[in-house]
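Q: Sharing a structure here in C-alpha cells format.
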Amino acid sequence: MSPQISPPSPPFIAARNKGGRQKPKAIVMHATVSSDDKGTARNIANWWAGKTSPMSSAHYVRDAGELIQCVGDHTVAFHCGYNQDSIGYELCDEQKGPASRWQDKDSTAIIREAAKDVARICLAYDIEPIRPTIAALKAKGPHGIYGHDDSRQAFGGTTHTDPRDFPWPMFMRLVRREVKRLKALHAQTAPTVKPQRLHLMQSSMLYSLSLKKKEEDLEVIFARAARRAVAAVGGTEYPDDASRALLKKVAGSYGYRVFHNDGRDDVWLAIEKDFIKGKATTEWDLVVGMDEGYGKKGPRGLLQVHLEDSEIGPVTLAEAHLLTRGQMREKTGLNDRFTQVIGRAARKNGAGKRLFFYMGDQNIIDRTNDTFLGAPLTSSWDELEKWENTGHGNIDVIASYDKDGRVSAAYCRALDDGELHLHGDHFLVESGFDVKG
C-alpha cells in the first residue's frame, strides 16, 4: 500500500458474514437491485450487519448521498462466486428500466463518486485501472476492474449478471483520469522541478490523394511542426513506397527522421533529429493479418520507436491505425486485440524511468467510448475533458501511459480547415505534455 494515497475511509458498518484474509488484486463492480436514493447504502449495510443477514456482503456500497464500508479491504467479502483477493463495490441501482437510467442526476453522481473511490483503491493496492477481458481473467485470475457478470463468465459460482447496462467506457475513463490526478497531486509534494514541455502531433493522412497534394499537406504539417519545436509527428495511410519516399524527403528537409515498418502497414513516425540523444530502434508488432477485418486492409500493427535517450530521457513513441468497421469488442474483436497489444507495450516500455506516448487513428469515438477498450492509457482529450472533432468525430488521439505522476497533459487541439487547411479528411491534432524529471 502506498503511504501517500490511501483507500477510501467512509463510515464503517461491519457485515456479519465475511471470510479470511486476502491481498486485494482486483475490484468487482456490482449493483444492489435497490433504489439509488440517499440512505439506501446505509440501509443495505445495516441489513448485512443484522442477525438475519444472508450469506453475502461487500466491502463498499454507495448511493447518491454516501459511501459505506462493510468489510475491511484485507478481509474476504462474499460478493461474487470467486471472492478471494478482490474488493466488492456495490452501486445502488434497481437494475431495471432503460440503459439511460445511468444518465439521470443521482446515477451520474454515483458513477462519478464511485470512480474517485475506485481510483483510490487502485492506487492503494497497486491495481491497474484496466477492464480485463474474460479470457484475461481466466488466464491470470482476478486483476483490474470488472463486473459481477464478468466474474460469472470467467470463474463461475454465480448466476448474477450485474451491473446491467453499466456505462463501462465512461466509468473507466473517469477512473483513469482520477488516478492520474491523484498521482499528479502526490508528485507535487516532491522537490520542485520545472517540467519540460513535450509537443506531439497526430496526422491521419488520406492515401487516395495525388502525390502533389500529399506533398502540399506534408509541407504545411512539417513547417508548423518545426516552427513549434514538435518532438514527433505520428501519421497513417502511407503504405506505398512513393508516399514514404515523399514523406522522408519533406520531413528530412525540416530536420525530422522518419520511422516505419518495411511491410505494407500504413503507419509512420517522424521524430525531430535533435530530440534523439542516443540509439533509436524500431519495433513493429503485427496485430491484424492480410486477410482479416473489413476490406482486408492488413497487415496492421503497432509501430514503436524506442529512444535510448532523448531530451526528456528514455522514451518510447508509438503509432497505430485501428480498424474502421467492427469497432467495439462485441463485434469483430480486432480492435480489442489492437488495444491489448497497445496496453502490453505501454506497460513494458513505460516501466521504470521510461516514458511511453501513443498517437493514432483509433476509429473509435473517444468522447463517448473508452477508445483504448480498457488498456491503461489516457488520451489528452479525456484528461482535459475536452473532445474536439478530428474530421470524423473525436477519433484521432494522442495519449500517455502515466504510472508515476510525472506526465500531465497541458493542451490538446484539432486544427480544422479554417485554422490549417489540408487536402485530407482528418484534421491535424496537437497535444503538449508537461514532463517532470
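The values are calculated or read from the model by the stated rules, or taken from the named source; none is laboratory data. Just so it is clear, the structure is predicted and the values come from calculations on it, not from any experiment. Here Cβ is always computed from backbone atoms with ideal geometry, including for glycine, and neighbour counts include all displayed protein chains.
Q: Need pairs with beta-carbon distance below 7 Å; first residue under 10 Å from residue 319 (Cα atoms) and acidic (Asp, Glu) and within the stretch 350-366, second modelled with pLDDT of 90 or more and in a strand (DSSP E or B); sequence gap 6+ or separate chains.
A: Hits for this filter: 361/204; 361/236; 361/321; 361/396.
Q: Right, something else. Any residue in the stretch 32-46 that's in the same structural domain as residue 162 (by TED's automatic domain parsing): show its pairings with residues that are among the small types (Gly, Ala, Ser) at Cβ separation under 7 Å, as long as the two are six or more apart or on different chains.
A: Matching pairs, first to second residue: 36/64; 36/107; 37/64; 38/64; 38/65; 39/65; 40/34; 44/34.
Q: Out of the stretch 374-411, which residues are among the aromatic types (Phe, Trp, Tyr) and surrounded by fewer than 22 Cβ atoms within 10 Å (Cβ to Cβ)?
A: 387, 411 - these are the residues of the stretch 374-411 that are among the aromatic types (Phe, Trp, Tyr) and surrounded by fewer than 22 Cβ atoms within 10 Å (Cβ to Cβ).
Q: Restricting attention to the stretch 30-60, which residues are within 21 Å of residue 119 (Cβ to Cβ) and either of a type in the set (Gly, Ala, Ser) or exposed (fewer than 14 other Cβ atoms within 10 Å of the Cβ) (or both)?
A: 31, 41, 58
Q: Can you pull out the residues in the stretch 241-260 that are buried (at least 16 other Cβ atoms within 10 Å of the Cβ), more than 17 Å from residue 205 (Cα to Cα) and not hydroxyl-bearing (Ser, Thr, Tyr)?
A: 257
Q: So is residue 63 closer than 14 Å to residue 93 by Cβ and at pLDDT below 95 or not?
A: It is false that residue 63 is closer than 14 Å to residue 93 by Cβ and at pLDDT below 95.
Q: Also: Since residue 258 meets every condition but one in (1) of a type in the set (Val, Ile, Thr); (2) free of Cβ contacts under 8 Å to residues at least 24 places away in the same chain; (3) assigned by TED's automatic domain parsing to the domain that holds residue 82, which condition does it not meet?
A: Of the numbered conditions (1) of a type in the set (Val, Ile, Thr); (2) free of Cβ contacts under 8 Å to residues at least 24 places away in the same chain; (3) assigned by TED's automatic domain parsing to the domain that holds residue 82, the odd one out for residue 258 is (3).
Q: Answer yes or no as to whether residue 230 is modelled with pLDDT under 95, of a type outside the set (D, E, K, R) and buried (at least 20 other Cβ atoms within 10 Å of the Cβ).
A: In short, no.
Q: Can you give me the number of residues within the stretch 377-393 that are within 15 Å of the chain's Cα centre (by Cα) and either assigned to a helix (DSSP H, G or I) or among the polar types (S, T, N, Q) (or both)?
A: Residues flagged as within 15 Å of the chain's Cα centre (by Cα) and either assigned to a helix (DSSP H, G or I) or among the polar types (S, T, N, Q) (or both) within the stretch 377-393 amount to 7.
Q: Another one. Go through the stretch 74-92 and give me each residue that's touching a helix residue (DSSP H, G or I) at 6+ places or on another chain (Cβ under 7 Å), assigned to a loop (DSSP other than H, G, I, E, B) and buried (at least 18 other Cβ atoms within 10 Å of the Cβ).
A: 80, 82, 92
Q: Please verify whether the stretch 299-314 includes one or more residues that are assigned by TED's automatic domain parsing to the domain that holds residue 394 and at pLDDT below 90.
A: yes
Q: Moving to a separate point now. Here is a list: 252, 263. Which entry is in contact with a Pro (Cβ under 8 Å, 6 or more places away or on another chain) and either on the phi < 0 side of the Ramachandran plot or assigned to a strand (DSSP E or B) (or both)?
A: Answer to the selection: 263.
Q: What single numbered condition from (1) in contact with a Phe, Trp or Tyr (Cβ under 9 Å, 6 or more places away or on another chain); (2) in a loop (DSSP other than H, G, I, E, B) fails to hold for residue 96?
A: Here residue 96 meets the rest and fails (1).
Q: So, residue 156, is that one surrounded by 22 or more Cβ atoms within 10 Å (Cβ to Cβ) and either at pLDDT 95 or above or out of contact with any helix residue (DSSP H, G or I) (no Cβ under 9 Å at 6 or more places or on another chain) (or both) or not?
A: Criteria not met by residue 156.
Q: Go through the stretch 368-382 and count every residue that is over 21 Å from residue 314 (Cα atoms) and either of a type in the set (Phe, Trp, Tyr) or touching an Asp or Glu at 6+ places or on another chain (Cβ under 9 Å) (or both).
A: The number of residues fulfilling the criteria is 7.
Q: Condition first: within 19 Å of the chain's Cα centre (by Cα), touching a residue at least 40 places away in the same chain (Cβ under 8 Å) and farther than 22 Å from residue 354 by Cα. Now tell me which residues in the stretch 394-429 satisfy that.
A: 396, 429
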